Amino acid sequence: MSYDDRLDSYSNPILRGVDGFVIDFDKSVATNAESDTLVKLNINFEKMTIEKVADTSKRKFNITKKTLNKIVIGDDTLTVFHRLNLNHKLELNYNQIIDYLIKKDFQNTMDSLELNFSDKFYRFDKQKRIRVLENIWKETVRHTNSSGYWYIKEINKNFFLFFTLEETLLRNVYQITAIDKEGVKLTPLQEVYPFIHGIDKLKIR
């Protein structure tokens, strides 16, 4: 899955990669976190190129020298694909997890951030998969209400939570590793806000 992207140079400083894009290198298919549609790929490991079937625009990729868990695609803007740990299969299905997040009342995260997973669909989502995330940032100096969006991606009974605190393409990405009577256990994969770091659980009040 792509996340934690970076710039390789400053020739195009406003560009960035795309998070939540998933490539199955064994099956040569790709999808993204917002959809279940599969795209067929031609992957050539000898020439280190990847392209969509019936498309002539090839992109080079590199496997990082330090670890085989990352594959980098792109030129100035690098889309970094990380090998996922798919050993956290859950007994709940996709709809049950959605229902759980909507109905539960969670404690504040980071001491002062209240997250409310709404059942209302995000206004720009035509596929009815992305929902509104209402959040309240409670500080001693200010009290801010805003809304972003959230959605769940399922990969082989493993589930990933994406959310924003505002209308932006910068998304926080977490793997849901367990759901129990106390709440939702998370593994942070990407946290894009400077005041959010290391959220590993959504605790029920």
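The values are calculated or read from the model by the stated rules, or taken from the named source; none is laboratory data. None of the values given here were measured: they were computed from a predicted structure. Neighbour counts run over all protein chains shown; Cβ positions are idealised from the backbone, glycine included.
Which of the residues that make up the stretch 104-125 are among the polar types (S, T, N, Q) and part of a strand (DSSP E or B)?
The first filter runs over the stretch 104-125 and keeps only residues among the polar types (S, T, N, Q), leaving 107-109, 112, 116, 118.
Selection gives Thr109, Asn116, Ser118.
Looking at Val184, Val192, can you tell me which residue is surrounded by 14 or more Cβ atoms within 10 Å (Cβ to Cβ), aliphatic (A, V, I, L, M) and part of a strand (DSSP E or B)? Before the answer, list the steps.
Values: Val192 fails: part of a strand (DSSP E or B).
When all the criteria are applied, what remains is Val184.
Residues in the stretch 141-164: is at least one β-branched (Val, Ile, Thr), free of Cβ contacts under 8 Å to residues at least 12 places away in the same chain and either assigned to a loop (DSSP other than H, G, I, E, B) or closer than 26 Å to Ser2 by Cα (or both)?
Yes: the stretch 141-164 contains one or more residues that are β-branched (Val, Ile, Thr), free of Cβ contacts under 8 Å to residues at least 12 places away in the same chain and either assigned to a loop (DSSP other than H, G, I, E, B) or closer than 26 Å to Ser2 by Cα (or both).
For the condition in a loop (DSSP other than H, G, I, E, B), modelled with pLDDT of 80 or more and either touching a Phe, Trp or Tyr at 6+ places or on another chain (Cβ under 6 Å) or not hydroxyl-bearing (Ser, Thr, Tyr) (or both), what is the one hit in Lys65, Lys27, Lys40? Steps first, answer last, please.
Details: Lys65 fails: modelled with pLDDT of 80 or more; Lys40 fails: in a loop (DSSP other than H, G, I, E, B).
It is Lys27.
I'm checking my understanding of the structure. Among residues of the stretch 120-147 that are among the acidic types (Asp, Glu) and exposed (fewer than 15 other Cβ atoms within 10 Å of the Cβ), which one is modelled with the highest pLDDT?
If we filter the stretch 120-147 for residues that are among the acidic types (Asp, Glu), which is where we start, we get 125, 134, 139.
Filter once more, keeping what is exposed (fewer than 15 other Cβ atoms within 10 Å of the Cβ): 125, 139.
Values: Asp125: 80, Glu139: 63.
Once the filter is applied, the top-ranked residue is Asp125.
Answer yes or no as to whether Arg6 is surrounded by 15 or more Cβ atoms within 10 Å (Cβ to Cβ) and either within 30 Å of Thr164 (Cβ to Cβ) or modelled with pLDDT of 80 or more (or both). Outline the logic, then answer.
Numbers: surrounded by 15 or more Cβ atoms within 10 Å (Cβ to Cβ): no; either within 30 Å of Thr164 (Cβ to Cβ) or modelled with pLDDT of 80 or more (or both): yes.
Considered against the rule, which asks whether it is surrounded by 15 or more Cβ atoms within 10 Å (Cβ to Cβ) and either within 30 Å of Thr164 (Cβ to Cβ) or modelled with pLDDT of 80 or more (or both), Arg6 comes out as no.
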